[in-house]
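Notes follow once the structure below has been shown.
The values are calculated or read from the model by the stated rules, or taken from the named source; none is laboratory data. Everything quoted here is computed from the prediction, not taken from an experiment. Note that each Cβ is placed from the backbone with ideal geometry, even for glycine, and that neighbours are counted across all protein chains shown.
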Amino acid sequence: MSENHIAANVKWLRVNAGLSQEELAEKINVTKSTISQWERGLFQPKHRHINALAQYFNVSTNSLIVGDAEGFNAREQANLNSECDCYDELKKIRYLSSTYVAAGIGCSNSEDYEHELIHIKELPYKKNYNELLCLNVSGDSMEPVLQNGSLLVIDTANKEIVDGSMYVFVQEDVLRVKLFSYEKNMLKVESYNERYKDEYYENDEQFSIHIVGKVVFYATKLE
């Protein structure tokens, strides 16, 4: 699902519970600014925060992520999502159907372009959709957000690192997908799956990482 689904769900759950951003922040031990940034879709909650939100609002983590949380009023949810000025149209996006992005270990790739139809409302506003690219996920390091086989859409024109955002990158000829942020002047590469250790890269080491683009949409494969 797109990043905006989590943003919309957090906002709807908070408003429906009659909480201010500051009050919700206190409930799950984050700052008001963090709640605001989640709801604006600037970055996504980390794995532990997804668990905390799901537990507090008594919904499943999967429902919070994919946008079908128990107790959601469908009409109100639709009204919340309609706050963005977008159209329910399909757009043909380049799709490397035989290319898999490693969420765990390396994998082989080929460049055989097909196309995937994506609703425009799921994508960031762009005049040039040719800059978007669809890829598949392989591995479990980004679970529960990205299951093995999930579909990603990346913006190849957006390579500027924003803390907490998800990027596809090349490292030692392997395509990978991770969360990026800066910590103590080092680049932090993080997985959602807590079984995978965080990676840290100092200035010179960062040259081994070549960003392909920012993840702007994902469709999680449900078993």
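For Glu22, state whether it is in contact with a Lys or Arg (Cβ under 6 Å, 6 or more places away or on another chain) and acidic (Asp, Glu).
yes
Can Ile211 be described as surrounded by 19 or more Cβ atoms within 10 Å (Cβ to Cβ), out of contact with any Gly (no Cβ under 9 Å at 6 or more places or on another chain) and farther than 17 Å from Gln44 by Cα?
It is false that Ile211 is surrounded by 19 or more Cβ atoms within 10 Å (Cβ to Cβ), out of contact with any Gly (no Cβ under 9 Å at 6 or more places or on another chain) and farther than 17 Å from Gln44 by Cα.
Let's see how each residue does on (1) more than 15 Å from the chain's Cα centre (by Cα); (2) assigned to a strand (DSSP E or B); (3) closer than 19 Å to Leu64 by Cα:
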| residue | (1), (2), (3) |
| --- | --- |
| His115 | yes, yes, no |
| Pro124 | no, no, no |
| Glu143 | no, no, yes |
| Gln147 | no, no, yes |
| Val162 | no, no, no |
| Leu175 | yes, yes, no |
| Tyr182 | yes, yes, no |
| Glu205 | yes, no, no |
| Tyr218 | no, yes, yes |
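Of (1) part of a strand (DSSP E or B); (2) among the aliphatic types (A, V, I, L, M); (3) within 20 Å of Ala7 (Cβ to Cβ); (4) touching a helix residue (DSSP H, G or I) at 6+ places or on another chain (Cβ under 9 Å), Leu187 satisfies all except one. Which?
Failing condition for Leu187: (3).
Name the residue that is nearest to the chain's Cα centre (by Cα), counting only residues in region 41-93 that are modelled with pLDDT of 50 or more, outside any loop (DSSP other than H, G, I, E, B) and of a type in the set (D, E, K, R).
Here the answer is Arg48.
Ile211: touching a Phe, Trp or Tyr at 6+ places or on another chain (Cβ under 7 Å), assigned to a strand (DSSP E or B) and assigned by TED's automatic domain parsing to the domain that holds Val101, yes or no?
When the stated conditions are applied, Ile211 passes them.
Would you tally the residues in region 164-196 being among the basic types (Lys, Arg), exposed (fewer than 12 other Cβ atoms within 10 Å of the Cβ) and farther than 18 Å from Gln147 by Cα?
So the answer is 1.
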